[in-house]
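One structure below.
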Amino acid sequence: MYGLVNRAIEDLVRQRYGNDRWEAIRSRAGVDAAPFVSMQAYPDAVTYRLVAAASEELGVSADTLLEAFGQHWTLYTGRQGYGETLALGGRSFVEFLQNLDALHANVALSMPQLRPPSFWCTNVTDRSLRLHYRSEREGLAPMVIGLIKGLGEMFRTDVTVRHARPRGGSSDHDEFEIEFAARP
Ligand code: 1MF
C-alpha cells in the first residue's frame, strides 16, 4: 500500500501512545527508520507487520487497532492535503459512501500502483443502508468499520455499524448494515 497508509498508522501511534512506543513497534516489525514516502508503494506485508507489532507491543487486538486506524484515516488525509480528494467524495455521509469507487478511480489516475477496494450501497433509505466491500486484501473489515465511523464524524452524522455478513463461504465480499442520523 502507498506510504501514506503507513504514515497514517505512524501518526496515530505517535499521537496516542508517544514516540518511544512507535520506535519499539517499528523495530519489532523489522521496519527501518527511514521515513515512509507518501507516494511510494510499499509491500502490503509492511503494513500488516506494523499492525501485528503494534498489537503485541501495546497489548491491544489487531482488530481494535485497525478500527482506530480506519477512524483516523479521513482525519489524517484531510490534514495532509487530500482535502480536495476527499471533497470529491460528496457532500453528505451517504453520498460519500456511494462515491467511493469514483474517488479511488480519481486517486488511481496519479497513483498507478493503487489497488483500490470496491464499495457499493444497496437498500438505501433515509436512515439506513447496506454497504458492500470487496477487496483483494484480507482481514481489513475492522478498518472499514473505523472508516465508516470516521466519515460519520466528518459529516457530523451519528452512525452505528454492524458487520452483517463477513466474506467467506458463499460470499466473496463483506457487508455492513449502517444506521445514520444527521446531528441536529
Ligand atoms: O492500494 C493502495 O495503496 C490503497 C491505499 C489506500 C488502497 C486503498 C486505500 C484507501 N482505503 C484503505 C483501506 C482499504 C484497503 C483495501 O481494502 O484494499 C480506504 C478507503 C476508504 C473507505 C471509506 C472511507 C474513505 C476511504 O478512503 C478515502 C481515501 C482513499 C484514498 C486516498 C485518500 C482518501 C488516497 C490518497 C492519496 C494516496 C492514496 C490514497 O496516495 C498518494 C497520492 C498522491 C500523493 C501521495 C500519495
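Which one is nearest to the ligand (Cβ to nearest atom) among residues in segment 8-20 that are free of Cβ contacts under 8 Å to residues at least 60 places away in the same chain and either within 13 Å of TRP73 (Cα to Cα) or touching a Leu at 6+ places or on another chain (Cβ under 7 Å) (or both)?
That would be GLU10.
What do you reckon, is PRO117 under 17 Å from GLU138 (Cβ atoms) and out of contact with any Pro (no Cβ under 8 Å at 6 or more places or on another chain)? Lay out the reasoning, then the answer.
Working: under 17 Å from GLU138 (Cβ atoms): yes; out of contact with any Pro (no Cβ under 8 Å at 6 or more places or on another chain): yes.
Criteria met by PRO117.
Going through segment 132-144 one residue at a time, which ones are under 18 Å from GLY89 (Cβ atoms) and more than 9 Å from the ligand (Cβ to nearest atom)?
Hit for segment 132-144 is HIS132, nothing else.
Please specify each residue of segment 141-184 satisfying the condition of being in contact (Cβ under 8 Å) with a residue 40 or more places away in the chain, open to solvent by less than 80 Å² (accessible area, probe 1.4 Å) and charged (D, E, K, R).
LYS149, ASP174, GLU175, GLU177
What is the residue count in segment 78-105 for residues that are farther than 23 Å from THR160 by Cβ and at pLDDT 95 or above?
Of the residues in segment 78-105, 5 are farther than 23 Å from THR160 by Cβ and at pLDDT 95 or above.
Is it true that some residue in segment 122-133 is under 23 Å from VAL51 (Cα atoms) and touching a helix residue (DSSP H, G or I) at 6+ places or on another chain (Cβ under 9 Å)? If you could, list the steps in order and put the result at the bottom.
To start, the set of residues in segment 122-133 that are under 23 Å from VAL51 (Cα atoms) comprises 133.
Right, trim to touching a helix residue (DSSP H, G or I) at 6+ places or on another chain (Cβ under 9 Å) and you get 133.
Looking for residues that are under 23 Å from VAL51 (Cα atoms) and touching a helix residue (DSSP H, G or I) at 6+ places or on another chain (Cβ under 9 Å), one finds at least one in segment 122-133, hence yes.
Return the only residue of VAL107, VAL124 being surrounded by 12 or more Cβ atoms within 10 Å (Cβ to Cβ), β-branched (Val, Ile, Thr) and within 30 Å of GLN40 (Cβ to Cβ).
VAL107
What tally of residues in segment 106-144 results from selecting those that are more than 19 Å from THR160 (Cα to Cα) and within 16 Å of the chain's Cα centre (by Cα)?
Residues flagged as more than 19 Å from THR160 (Cα to Cα) and within 16 Å of the chain's Cα centre (by Cα) within segment 106-144 amount to 12.
Considering only segment 110-121, how many residues are near the ligand (Cβ under 9 Å from one of its atoms), open to solvent by 70 Å² or more (accessible area, probe 1.4 Å) and either under 23 Å from LEU66 (Cβ atoms) or in contact with a His (Cβ under 9 Å, 6 or more places away or on another chain) (or both)?
Count: 2.
Among the residues of segment 92-104, what is the count of those that are free of Cβ contacts under 8 Å to residues at least 24 places away in the same chain, open to solvent by less than 40 Å² (accessible area, probe 1.4 Å) and in contact with a Gly (Cβ under 6 Å, 6 or more places away or on another chain)?
1
Testing ARG28 on (1) within 10 Å of the ligand (Cβ to nearest atom); (2) surrounded by fewer than 18 Cβ atoms within 10 Å (Cβ to Cβ); (3) over 28 Å from SER128 (Cβ atoms); (4) not hydrophobic (A, V, I, L, M, F, W, C), one condition comes back false. Which one is that?
In the conditions (1) within 10 Å of the ligand (Cβ to nearest atom); (2) surrounded by fewer than 18 Cβ atoms within 10 Å (Cβ to Cβ); (3) over 28 Å from SER128 (Cβ atoms); (4) not hydrophobic (A, V, I, L, M, F, W, C), ARG28 misses (1) alone.
Among the residues of segment 69-91, count how many are open to solvent by 20 Å² or more (accessible area, probe 1.4 Å) and either on the phi > 0 side of the Ramachandran plot or not acidic (Asp, Glu) (or both).
Final tally of qualifying residues: 14.
The values are calculated or read from the model by the stated rules, or taken from the named source; none is laboratory data. These numbers were taken from a predicted model, which means no experiment stands behind them. Backbone-built Cβ (ideal geometry, glycine too); neighbour counts: all protein chains shown. Each accessible area value is taken on the protein alone, full model and side chains, heavy atoms only, with ligands, DNA and RNA left out. Shrake-Rupley method; radii C 1.70, N 1.55, O 1.52, S 1.80 Å.
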